[in-house]
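Working notes, beginning with the structure itself.
What follows is calculated from the coordinates using simple rules that are stated; it is not laboratory data. Note that this is a predicted model, so its numbers are computed, not measured. All Cβ positions, glycine included, derive from the backbone under ideal geometry; neighbour counts span all protein chains shown.
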Amino acid sequence: MELINFDSLKERQPSIKNDYQSKKPFRYVMFENFFSTEQAELIYKNYPSIENGKWDGTTYLDQKNKFQKTKFEANSVMDKVFKELNSPQFLSWLQDVTEIEEELIGDDELFGGGLHQSTNGAFLNVHVDYNIHPKTKFHRRLNVLVYMNKDWMDEYEGHLELWDLSQGDKVLLGQYAPAFNRCVIFETNEISFHGHPKPLNTPKEINRKSIATYYYSKSRPEHEIASDHNTIYVNTEGISGQVKRFSSGVKAFLERINKK
């Protein structure tokens with residue numbers, strides 16, 4: 001039984017494609033009900049807690065209280081989710097929506113992707129992503145995010161922000177709450193700035209949960225090619241952003257000292 005409702009995605013493909021292609025300076029789209037209602041509930045129930053299994057929760061200057069998981073038991077619900085997200089059928093759908101001329105390639109290792117779960121106080125500063133896969137050396141082209149949070153309230157913060165910094169000014173293009181079964185797709189290039197910079201203000205028992213997959217190609221248009229780089233962060237919050245970054249740096253330092 002498929003977890004992704006491909007019939008529904010194909011039916012909605014023209015409107016999703018039109019929305020995606022209309023955006024500037026980089027292309028993106030948000031739409032609801034990525035999974036069917038029944039399958040979304042199944043995935044939600046099988047989304048593991050941070051206490052269940054191995055999660056990487058390393059703190060950095062620009063990232064705090066964020067946990068990542070990329071390994072799943074064979075034939076488990078989460079294993080099937082990522083297999084379908086990397087399947088030829090979904091890649092073909094993405095290819096049509098995005099009109100990327102180069103063949104899209106999934107990443108079975110889920111480098112940087114997988115399940116992302118953030119706890120109270122978490123943030124991920126606005127950034128552009130690394131542009132070259134460290135092992136395959138393929139070009140990173142697309143991010144697909146599906147959120148798994150029921151009854152999310154605005155005061156919890158954690159909204160995905162998309163920014164236009166291409167003209168020197170800081171322009172917020174879109175701001176999306178990580179609502180249940182909501183999908184955001186956007187191209188990854190040197191101007192696709194995004195993040196959730198405002199620290200989570202959630203009750204202790206509520207975490208921000210998402211499913212993340214990234215897609216690549218062996219080449220890309222010449223005008224988009226840049227030298228190999230890691231994630232590049234920017235501060236969109238002024239002094240408060242500097243203070244937040246300093247606090248995260250202290251936590252990261254203490255983590256590394258305690259591991260020695």
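Name the residues in the stretch 184-211 that are in contact (Cβ under 8 Å) with a residue 24 or more places away in the chain and either surrounded by fewer than 19 Cβ atoms within 10 Å (Cβ to Cβ) or among the charged types (D, E, K, R) (or both), would you?
Once the filter is applied, which keeps residues that are in contact (Cβ under 8 Å) with a residue 24 or more places away in the chain and either surrounded by fewer than 19 Cβ atoms within 10 Å (Cβ to Cβ) or among the charged types (D, E, K, R) (or both), the stretch 184-211 yields Glu187, Glu190, Ile191, Lys198, Asn201, Pro203, Lys204, Ile206, Arg208, Lys209.
Can you pull out the residues in the stretch 65-102 that are of a type in the set (D, E, K, R) and in contact with a strand residue (DSSP E or B) (Cβ under 6 Å, 6 or more places away or on another chain)?
Lys66, Lys69, Glu84, Glu102, listed by residue number.
Has the stretch 112-128 got any residue that is of a type outside the set (Phe, Trp, Tyr), assigned to a loop (DSSP other than H, G, I, E, B) and surrounded by fewer than 18 Cβ atoms within 10 Å (Cβ to Cβ)?
Checked against the condition, which is being of a type outside the set (Phe, Trp, Tyr), assigned to a loop (DSSP other than H, G, I, E, B) and surrounded by fewer than 18 Cβ atoms within 10 Å (Cβ to Cβ), the stretch 112-128 yields no hits at all.
Only one of Glu101, Glu41, Glu84 is farther than 22 Å from Asn181 by Cβ and either of a type outside the set (A, V, I, L, M, F, W, C) or part of a helix (DSSP H, G or I) (or both). Can you tell me which?
Checking each option against the conditions leaves just Glu101.
Quick check on my filter: what residues within the stretch 208-240 are under 16 Å from the mean Cα position of the chain (by Cα), more than 16 Å from Val126 (Cβ to Cβ) and not aromatic (Phe, Trp, Tyr)?
Scanning the stretch 208-240 gives Arg208, Lys209, Ser210, Ile211, Ala212, Thr213.
Give the residues of the stretch 44-65 that are assigned to a strand (DSSP E or B), buried (at least 18 other Cβ atoms within 10 Å of the Cβ) and out of contact with any Leu (no Cβ under 6 Å at 6 or more places or on another chain), sorted by residue number.
Result: Lys64, Asn65.
Which of the strands (runs of 3 or more DSSP E) contained wholly in the stretch 148-250 include at least 1 residues that are small (Gly, Ala, Ser) and on the phi > 0 side of the Ramachandran plot?
193-196
Of all residues in the stretch 142-175, how many are within 18 Å of Ile16 (Cα to Cα) and either surrounded by fewer than 17 Cβ atoms within 10 Å (Cβ to Cβ) or more than 12 Å from the chain's Cα centre (by Cα) (or both)?
3
Out of all the residues in the stretch 77-92, is one or more touching a residue at least 12 places away in the same chain (Cβ under 8 Å), over 17 Å from Leu142 (Cα atoms) and more than 18 Å from the chain's Cα centre (by Cα)?
Yes, because at least one residue in the stretch 77-92 is touching a residue at least 12 places away in the same chain (Cβ under 8 Å), over 17 Å from Leu142 (Cα atoms) and more than 18 Å from the chain's Cα centre (by Cα).
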